[in-house]
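Structure record follows, encoded as structure tokens.
Computed from the coordinates by the stated procedures, all read-outs in this text should not be read as laboratory data. Note that the structure is a prediction, hence the values are computed from the model and not measured. No Cβ is skipped: glycine too gets one built from the backbone with ideal geometry, and neighbour counts run over all protein chains shown.
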Amino acid sequence: MTSPKSDLYPVAIIGGGPVGLCLSILLSLRGIEHVLFERHPDTSIHPKSCGINQRTLEIFRILGIEGEVYAHCCPPDIAGRTAWYTSLGPRGKEITSRDAWGLGEYEEEYKKHSPSHYAILPQIRLEPILKKRAVQLNPSGVYYGCEVINHNQAKDYVTLIIRRHDSTEHHVEARFVLAADGGRSMTDRLGVPWLGERNILDMVSVHFKAPLRSLHPDPRNFMTWFISPEMGGSMKTGFLYQIGPWPHEPPKEEWVFCCAMTANDPENFDQENIIKRLRNTLKIEDLPVEVRSFTHWFVDARYAERYRVNRVILVGDAAHKIPPWGALGMNTGIQDAQNLVWKLDLTLKDEKRYDALLNTYEVERQPIGRRVAISSLHNMRSHAGCMDVALGLSPNKSVEDNMQSIAPAFDASHPDHAARRAEIERAQQILDLEFKAPGAEVGWFYPSVDTKNEGGKLHDGQLLPNGELNTAVYVPTTIPGHHVPHVWLQKDGRTCSVLDLIPLSKMLLLSRQPGWDALGDERVQYELIGHGGWQDMNDEWAKVSRVSESAAVLLRPDGIVAWRGQRQGLTSEAWKEIIDSVLHVRHAGSS
């Protein structure tokens, strides 16, 4: 690959993980010249993130990779189950199991939320798909083995100092820099404070090959959580999940095992130690284990105080570090990218008019990063705080006491059996936030967009009376700030979701009566539902849009409802003012 050009790029991206690659693809699809630098020589070698929720798959649909992700992802007979065991050995017992992630008993509910379905695909297999697409669209602008070691901000551009794998250095200038480097350097270099909690747990994980499926009592479970009375409970025992490759081939099956370090572990906890812990947890003698990778990491629940410092914008893990319990970290980062790029597109075309729009990226996404960090940390603590408590286990108890406490859960003749099973069921209801939380996955919204307070206190039920997000359900609505509800449409033999109509770089107006296009404005594309336009296949749009037939709904390029209202009395000039308002246009002479 040749050296990057020395002239001024519109955009430079730091980081070639999932978020950086998605940024690159979204920019390329809009024809925005850019360059990406990743310090590693290639894509990830450790599985990391696995769960991809519906909002992220909708973005992959735009990127043109949704089908390829589905072709490689975990099959549905595995992807929708999780369980808790004492161990997998001869004396191991299943504590409980459940459906999860939009499959099993939740499948029909989740199908209503989106044209896309939840997928499980480890990052080591997702990143090559993203990289291939990014390079296909920008063959001379994606660089691996190039580390950004410093930067300088000027009034109109940023200079990046790049060190290549051969230790040579050069400079690259860009009007805007998108830092998606996982917060390893740029966030701190900018002097942006981190809020929240750090170093909450000291964790280790190992990616390995082993013939485990045939030894698992229920190989349908994608993820298995272990709660051993001998080891004092959940976090010390660890959890296990299978990562394919799929279709399943027994000689090639791969797994990841994670556990928290304890006070009794050696300071230099290494690969040998984690294999010992794995064997002790599984209780399967003579299990052959081939280690592929091993990593040591800390659980953080942090979010950056600011997402933008002049011409440098933080995205993904550079803006928030989210515990993996709930699989919202990578998803939140990719959804950051979707929020940002269309705003950046307009800003690059006319910086003075649209710079205020670009500032709304932080206004809208920073609260999401904060909420997700806090809720994911709650998920993590709920395993010990709910499941262990339900079983009567504690790391402060002796092994004998823990064994006595857990015994009633498995003995139907024990007088405490019914009460213990009821406690386990109540614990699972609390853990719904991790395993069945469509409100958190697809129901998040941007309150700042609802300038007329059309949502009131409850936003059609997406908020609870205490003001918290209702994570248990997704409520489709067209209140400004919410994601447009999914419905299936048909026209001229083509079937698509309403989401598929949204253009990359224009607003979309959806109406059920003709005539709106007479208002003009080149920033808006008009589509008619009914009256000779798109046909609502299941008569859903009138119900979920919650507006009268004479009203229309205006969408942003990221699928967020920007405005809704009536046509009567609306002039072209008033319409232009509405568009200017939702795009935060700064007019000449305004401060």
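Numerical summary
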quantity	calculated
Alpha-carbon Debye profile of the chain, log10 I(q)/I(0) at 0.12 Å⁻¹	-1.25
Hydrodynamic radius by Kirkwood, which averages 1/r over all alpha carbon pairs of the stretch 445-591, in angstrom	16.1
Sum of -39500 (n - 2.57) over DSSP H runs of 4+, divided by residues of the chain (222 nm, nearest 500)	-8500 deg cm²/dmol
Distance between the stretch 326-383 and the stretch 135-158 - C-alpha centres, whole angstrom	21
In Hz, Karplus ³J(HN,Hα) per residue of the stretch 100-115 (6.51, -1.76, 1.60; θ = phi - 60°; x = Gly, Pro)	7, 6, x, 10, x, 5, 9, 4, 5, 4, 5, 4, 6, 7, 6, x
Estimated dipole of the stretch 445-591 in Debye, rounded to 20 [Cβ of Lys and Arg +1, of Asp and Glu -1, Cα centre]	140
Backbone HN-Hα couplings from phi across the stretch 428-441 [Karplus 6.51/-1.76/1.60, Hz, Gly and Pro as x]	5, 5, 5, 6, 4, 4, 8, 10, 8, 9, x, x, 6, 7
Rel. contact order, % - alpha carbon contacts under 8 angstrom, at least six apart, the chain	14
In nm, spacing of pseudo-spin labels at ASP580 and ASP401 (7 Å Cα→C-beta vector)	7.1
Additional length obtainable on full extension of the chain from LYS209 to LEU8, 0.36 nm per residue less Cα span	67.7 nm
³J(HN,Hα), Karplus 6.51/-1.76/1.60, whole Hz, each residue of the stretch 366-381, x for Gly, Pro	4, x, 5, x, 5, 5, 5, 4, 5, 5, 5, 5, 4, 4, 4, 6
Estimated inter-spin distance, VAL389 and GLU549, nm [label 7 Å along Cα→Cβ]	5.4
Full-extension gain in nm, GLN153 to LYS491, via 0.36 nm per residue minus C-alpha separation	116.7 nm
Computed label-point distance, nm, for sites ASN359 and GLU94 using a 7 Å Cα→Cβ extension	5.6
Reach of LYS576 by Cα under 19 Å, taken over lysines that are not fewer than 8 positions away in the same chain	LYS343, LYS349, LYS352, LYS452, LYS506
Among ILE560, CYS386, PRO75 the positive-end extreme of the charge dipole of the chain (Cβ point charges)	ILE560
Extreme residue, positive dipole direction of the stretch 103-244, given options THR168, TYR110, GLY244 (C-beta unit charges)	THR168
Contour minus Cα-Cα distance for THR295 and LEU504 (0.36 nm per residue)	71.4 nm
